[in-house]
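See below for the structure under consideration.
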Amino acid sequence: PDGHQFDKMVEFNQPVQAAMRDWLTSQRSFLIDAWENYQYMRYLMWPEYERAGLPEALLFGIMAKESGGKVHAVSRSGAAGPLQFMYATGLRFGLTSDGGFDERFDPALAARANAEYLDEQLGIFNNNLEVTLAAYNGGEGRMRRLVGDDTAVSFYDPRIYNQLSQETRDYVPAVLAAAWLFLHPDSYNLRFPKVDGVPGNVTLKRPASLSELTVCLGSAGGMESGW
């Protein structure tokens with residue numbers, strides 16, 4: 001959607017405002033961690049969105065809500081990676097197991113697949129972003145059945161909203177709220193830390209496994225949760 005349309009989605013929407021309050025209070029540290037994690041992956045993920053003509057704030061909002069930017073996150077339902085693709089959906093958008101590596105965990109490939117998914121669903125739902133996000137979380141088949149031919153229907157229309165799980169009802173406002181805060185942190189006294197996300201190179205003197213590298217680099221710089 002254009003900027004003005006996005007403003008209306010946020011500024012005059014009580015569920016989004018409530019989600020914003022959650023991000024700024026109980027979920028504040030989680031949002032800031034997501035920002036830091038994203039800065040290290042931005043050079044991999046943002047170009048894929050940019051090529052698709054999608055806003056970076058949307059990428060951040062989805063990633064913050066899905067995984068907090070934790071690359072190896074796996075949900076109880078089996079969704080995996082920074083953008084939490086289910087296995088079958090990942091396959092549909094080219095995320096395979098290359099040599100045993102699950103490509104859902106690759107930030108660049110996941111961002112490309114996510115951009116392709118959103119582009120497809122925005123086309124189906126006539127650029128109805130809220131319904132598209134609901135499809136990403138709750139399943140596109142379900143949303144197509146609920147929406148039918150009325151692609152302009154509001155996500156909050158009782159005919160749609162009351163048929164959705166509480167998870168999806170919470171998901172859409174949370175993504176929009178995180179995207180808004182990404183764009184306007186200063187307006188909410190939100191201080192994202194400065195992070196140097198420029199990629200560097202490490203030259204090994206001998207071959208080493210990922211396990212060895214994790215031991216060597218895992219706790220450097222106070223990163224207790226892993227490199």
Kindly evaluate R104 against the criterion of being touching a helix residue (DSSP H, G or I) at 6+ places or on another chain (Cβ under 6 Å) and either modelled with pLDDT under 95 or among the basic types (K, R) (or both). yes
Determine if segment 76-93 includes at least one residue that is open to solvent by less than 20 Å² (accessible area, probe 1.4 Å) and among the hydroxyl-bearing types (S, T, Y). no
In segment 153-205, which residue that is under 16 Å from E130 (Cβ atoms) and acidic (D, E) is surrounded by the most Cβ atoms within 10 Å (Cβ to Cβ)? D170
Mind listing whichever residues of segment 206-227 are at pLDDT below 85 and either open to solvent by 100 Å² or more (accessible area, probe 1.4 Å) or among the hydrophobic types (A, V, I, L, M, F, W, C) (or both)? L210, L213, V215, C216, L217, A220, M223, E224, S225, W227
With in contact with a Phe, Trp or Tyr (Cβ under 8 Å, 6 or more places away or on another chain), under 28 Å from L183 (Cβ atoms) and in a loop (DSSP other than H, G, I, E, B) as the only criterion, which of G68, G78 stands out? G68
Exception for W46 within (1) on the phi > 0 side of the Ramachandran plot; (2) open to solvent by 40 Å² or more (accessible area, probe 1.4 Å); (3) in contact with a helix residue (DSSP H, G or I) (Cβ under 6 Å, 6 or more places away or on another chain) falls at (1)
Considering each residue of segment 116-155, count those that are assigned to a loop (DSSP other than H, G, I, E, B), within 26 Å of S67 (Cβ to Cβ) and in contact (Cβ under 8 Å) with a residue 24 or more places away in the chain, and give that number. 4
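The values are calculated or read from the model by the stated rules, or taken from the named source; none is laboratory data. Quick caveat: nothing in here was measured; it's all calculated off a predicted structure. All Cβ positions, glycine included, derive from the backbone under ideal geometry; neighbour counts span all protein chains shown. What goes into the accessible areas is simple: the full protein's heavy atoms, side chains included, and nothing from ligands, DNA or RNA. Shrake-Rupley method; radii C 1.70, N 1.55, O 1.52, S 1.80 Å.
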